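Visitor: Attaching a single structure in structure tokens format; questions to follow.
The values are calculated or read from the model by the stated rules, or taken from the named source; none is laboratory data. Since the structure is predicted, the reported quantities are computational estimates derived from the model, not experimental observations. No Cβ is skipped: glycine too gets one built from the backbone with ideal geometry, and neighbour counts run over all protein chains shown. Note: areas computed on protein heavy atoms with side chains; ligands, DNA, RNA excluded. Shrake-Rupley method; radii C 1.70, N 1.55, O 1.52, S 1.80 Å.
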Amino acid sequence: MDIPKIKEVMSAKVFSVNTETPFIEAANILLKNNFNGVPVIDAVKRVVGILTDFDVIAKASKIHLPLFM
């Protein structure tokens, strides 16, 4: 059994958010695309972090976001 290469399992359409993206917009990207994470990029498109569904859930509970988006 051959182990697949990354190029065989990765998503070809890349989504990202930047450090200035509104929180609710980033949460919607995760929700609408059924993602559990999205890369965060800076002004020169360098990856500076990742926003995960856990981050959204943890932050949403603190700022009382609605359960639907």
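Visitor: What does the net charge come to around Val40 if you take all other residues with beta carbon closer than 15 Å to its beta carbon, with K and R at +1 and D and E at -1?
Guide: Net local charge, Val40 excluded: -2.
Visitor: Can you tell me the 0 to 90 degree angle between the C-alpha axis of helix 23-32 and the longest principal axis of the chain, rounded to 10?
Guide: Approximately 50 degrees, to the nearest 10.
Visitor: For the range 1-50, what is the charge dipole size about the Cα centre, in debye to the nearest 20, if Lys and Arg each add +1 at the Cβ and Asp and Glu each add -1 at the Cβ?
Guide: 120 debye
Visitor: Accessible area per residue for the chain in Å², computed with a 1.4 Å probe and the full protein assembly in place, what is it?
Guide: That works out to 85 Å² per residue.
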